[in-house]
Amino acid sequence: MAPKSKSNQDPNFKPGSKVEIMSDEAGFRGSFYIGTVVKATRTPEFTVRYEKLFEDEEGTKPLQETVNEFQIRPIAPREKKREFKFSEEVDAFHNDGWWEGVITEVNENGKFAVFFRSTKEQIEFVEEDLRLHREWVNGEWKPPLDGEEEKGEIEEVKEKGNKKVPNTTPVKPIESLKDVKFSKGMLVEVSSDEDGFKGAWFAASIVEPVGKDKYLVEYKSLRTEDDSGFLREEVNTMHIRPPPPQTVVVDHFKKLEEVDALYNDVWWVGVVSKVNTFPKYVVYFKDNGEELEFKHSDLRPHQDWINGKWVAPSHALKL
């Protein structure tokens with residue numbers, strides 16, 4: 001799926017504008033970092049300068065690079081005060097950037113455990129390091145901010161310095177990911193770290209275990225290069241999950257509802273950006289900024305496999 005072209009003459013992205021920039025670097029993909037637009041051209045590219053990412057170890061030369069239009073957005077708004085709840089989708093400030101996650105625990109000490117799909121990690125945060133997750137869709141924040149806006153950038157409160165330094169925040173391991181045992185012939189879904197496939201889940205079956213925390217799987221839709229059969233591959237358990245329970249949606253999907261969309265025999269995570277004449281919907285994929293239309297039968301409610309259980313995101317993204 002290729003990025004959808006748009007005009008980069010948007011006043012939100014003129015030179016000097018503060019923006020958030022989505023990283024496309026391995027290990028940081030999907031996280032957003034604060035910066036400034038240096039140059040906007042007639043092409044779908046922008047030159048940006050980061051505020052907390054540097055080219056040198058001393059932190060004296062801010063990193064400047066060219067990014068695609070779908071990688072930038074205005075500074076996300078946030079409430080001055082919010083009572084976060086279990087299963088809400090949030091952005092967490094971590095390693096000088098904002099990372100999308102799901103609240104999996106509300107602890108008595110005032111801290112919140114957040115699970116990150118991209119890394120399969122669960123990390124504890126204080127309230128000040130969280131904001132409600134929002135998507136920049138068609139020039140608007142979804143959901144819109146209710147009440148007074150606080151655009152105060154978190155780096156005014158924290159001075160963390162250089163970007164790519166080892167994180168010292170304790171990581172809570174997801175023990176159940178390794179404890180799950182998959183049996184031979186069991187149907188599963190497998191995720192990929194390859195470029196262009198983030199957020200995609202492939203149907204597969206377990207062939208056999210191969211060493212610690214790994215299984216040989218056979219895909220249901222991917223073929224070998226010579227087309228002699230279905231592709232087999234060794235996969236770590238952190239990339240394997242059971243198929244989600246079949247949830248029958250009797251009514252329509254709603255605007256801003258998070259869904260999985262079946263595209264080229266693969267399930268992709270997206271958000272309903274428009275409800276067309278039933279039974280069709282436009283789904284927005286944030287990783288490449290593209291929107292595609294799907295039939296009702298090609299969508300399913302999105303669910304996350306966390307701590308050995310299926311967790312449905314809260315409806316915080318709904319109007």
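The values are calculated or read from the model by the stated rules, or taken from the named source; none is laboratory data. Since the structure is predicted, the reported quantities are computational estimates derived from the model, not experimental observations. Neighbour counts run over all protein chains shown; Cβ positions are idealised from the backbone, glycine included. Keep in mind that these areas ignore ligands, DNA and RNA; they rest on the heavy atoms of the full protein, side chains included. Shrake-Rupley method; radii C 1.70, N 1.55, O 1.52, S 1.80 Å.
Scanning segment 234-280 for residues that are within 20 Å of Val188 (Cβ to Cβ), touching a residue at least 40 places away in the same chain (Cβ under 8 Å) and either of a type in the set (Lys, Arg) or in a strand (DSSP E or B) (or both) yields Val235, Ile240, Arg241, Asp260, Tyr263, Val266, Trp267, Trp268, Val269. The number of residues in segment 278-301 being more than 15 Å from the chain's Cα centre (by Cα) and either at pLDDT below 85 or small (Gly, Ala, Ser) (or both) comes to 2.
Restricting segment 41-59 to residues that are open to solvent by 50 Å² or more (accessible area, probe 1.4 Å) and free of Cβ contacts under 8 Å to residues at least 24 places away in the same chain, the residue that is farthest from Ser17 (Cα to Cα) is Glu58.
Does segment 106-126 contain any residue that is crowded, with 19+ Cβ neighbours inside 10 Å and under 26 Å from Lys274 (Cα atoms)? No; the residues of segment 106-126 include none that is crowded, with 19+ Cβ neighbours inside 10 Å and under 26 Å from Lys274 (Cα atoms). Among the strands (runs of 3 or more DSSP E) confined to segment 1-105, the ones with at least 2 residues that are among the polar types (S, T, N, Q) are located at 62-68.
Among all residues of segment 60-69, there is none that is surrounded by fewer than 16 Cβ atoms within 10 Å (Cβ to Cβ), charged (D, E, K, R) and in contact with a Ser or Thr (Cβ under 7 Å, 6 or more places away or on another chain).
Among the residues of segment 71-97, the one identified as surrounded by 19 or more Cβ atoms within 10 Å (Cβ to Cβ) and in contact with a Pro (Cβ under 7 Å, 6 or more places away or on another chain) is Glu89.
Results for (1) modelled with pLDDT of 90 or more; (2) farther than 30 Å from Trp201 by Cβ, shown as yes or no for each residue.
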{"residue": "Glu58", "(1), (2)": "no, yes"}
{"residue": "Gln71", "(1), (2)": "no, no"}
{"residue": "Phe86", "(1), (2)": "no, no"}
{"residue": "Asn95", "(1), (2)": "no, no"}
{"residue": "Trp98", "(1), (2)": "yes, no"}
{"residue": "Val102", "(1), (2)": "no, no"}
{"residue": "Val106", "(1), (2)": "yes, no"}
{"residue": "Ser118", "(1), (2)": "no, no"}
{"residue": "Glu121", "(1), (2)": "no, no"}
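For segment 191-214, the candidate set comprises residues that are of a type outside the set (S, T, N, Q) and over 25 Å from the mean Cα position of the chain (by Cα); within that set, the residue that is least open to solvent (accessible area, probe 1.4 Å) is Ile206. Does Thr66 count as within 19 Å of Asn288 (Cα to Cα) and without any contact (Cβ under 8 Å) to a residue 40 or more places away in the chain? So Thr66 passes the test.
Taken together, the residues in segment 234-252 that are at pLDDT 75 or above and open to solvent by less than 50 Å² (accessible area, probe 1.4 Å) amount to 7. Scanning segment 87-104 for residues that are under 16 Å from Glu124 (Cβ atoms) and of a type outside the set (Gly, Ala, Ser) turns up Glu88, Val90, Asp91, Phe93, His94, Asn95, Trp99, Val102, Ile103, Thr104.
Within segment 302-319, does at least one residue satisfy the condition of being at pLDDT 90 or above and in contact with an Asp or Glu (Cβ under 9 Å, 6 or more places away or on another chain)? The answer is no; no qualifying residue exists.
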